[in-house]
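FYI, it's all coordinate maths here, none of it is from the lab. Keep in mind that this is a model prediction, so the values were computed, not measured. Reconstructed Cβ throughout: ideal geometry from the backbone, glycine too, with neighbour counts over all protein chains shown.
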Amino acid sequence: MKLLYTKTSPYARKARVIALEKNIPLELVDEDLQKKSQRLLDANPLGKVPTLVLDDGTTVFDSPVICQYLDGLNGQVIMIPRDIPGRFEVLKWEAFADDLTASAINLYREKVRHPQDFNKEFIAAGEAGIGRAYTYIENNLHRLQIFNLAPVAVASAIGYIHLRLPHLKVQGDVQQWFEVISKRPSMAQTIPAVQ
Ligand SMILES: N[C@@H](CCC(=O)N[C@@H](CS)C(=O)NCC(=O)O)C(=O)O
């Protein structure tokens with residue numbers, strides 16, 4: 001099984017953490033998103049990572065689907081609860097974290113594209129949204145204490161923000177929580193790195 005990914009992608013990180021937690025062997029294939037390979041475009045017409053390619057050539061995307069696929073393997077579901085309330089609580093956190101990541105990517109892209117004259121209103125609105133998301137995380141930190149896909153997704157989003165928008169680091173209780181979860185081996189092995 002191959003995972004087409006980048007080392008900085010928080011979406012791919014969720015899948016990598018699940019594979020590590022479940023000892024699922026994954027061949028990691030580093031993709032260049034500035035110059036998308038034919039392999040990536042053949043596997044996923046939208047050219048996004050992560051994309052999972054099974055041994056029989058079947059492709060699986062996007063990251064929430066890959067996470068559910070990986071968690072269903074080996075007859076051992078450990079990252080997404082099976083009971084309905086538990087499952088939807090975790091999937092809600094994942095959706096929240098993925099949207100937080102998307103906001104951060106949009107802010108980062110705007111600053112990279114227009115370093116001198118970025119749209120200040122757009123940046124201010126996006127940063128305010130990230131601030132509100134941090135408050136929500138802080139107010140609900142007690143819901144992120146059991147290790148499963150929910151805290152993995154939230155910590156992956158925060159890890160990306162720390163890399164790309166370092167002036168928006170989490171603080172206080174959320175920072176302490178983030179430091180603890182970042183030390184878990186599967187999280188430590190997947191800390192985003194600039195390529
Ligand atoms: N909803 C998708 C989002 C994936 C995504 O946007 N990945 C980014 C990298 S972090 C990407 O592939 N960007 C390239 C592009 O949008 O062309 C998922 O959860 O997998």
With the convex hull built on the alpha-carbon atoms of the chain, volume per residue in Å³ sits at 123
Relative contact order of the chain (C-alpha contacts under 8 Å, at least 6 apart) in percent is 27
Inter-part gap, Cα centre of the stretch 76-154 to Cα centre of the stretch 1-25, in whole angstrom, is 18
Any residue on another chain or 5+ positions along whose placed amide H is under 5 Å from the amide H of L28 is listed here as L3
Packing-ranked peptide list from 154-163, 114-123, highest mean Cβ count within 10 angstrom first, is 154-163, 114-123
Taking R0 as 30 Å and r as the Cβ-Cβ distance between Q34 and Q116, the FRET efficiency 1/(1 + (r/R0)^6), rounded to the nearest 0.05, comes to 0.90
Taking only C-alpha positions in the stretch 2-75, Rg and Dmax in angstrom work out to 11.4, 38
The local net charge around P10, scoring Lys/Arg +1 and Asp/Glu -1 for residues other than P10 whose Cβ lies under 12 Å from its Cβ, equals +2
Per-residue ellipticity at 222 nm attributable to helices in the chain (runs of n ≥ 4 DSSP H, -39500 (n - 2.57) apiece, nearest 500 deg cm²/dmol) works out to -18000 deg cm²/dmol
Over its alpha-carbon atoms, the stretch 84-184 yields an Rg and a Dmax in Å of 14.1, 48
In the structure shown, of K2/K169; K36/K111; K36/K169, the pairs separated by more than 29 angstrom at the C-alpha atoms are K2/K169; K36/K169
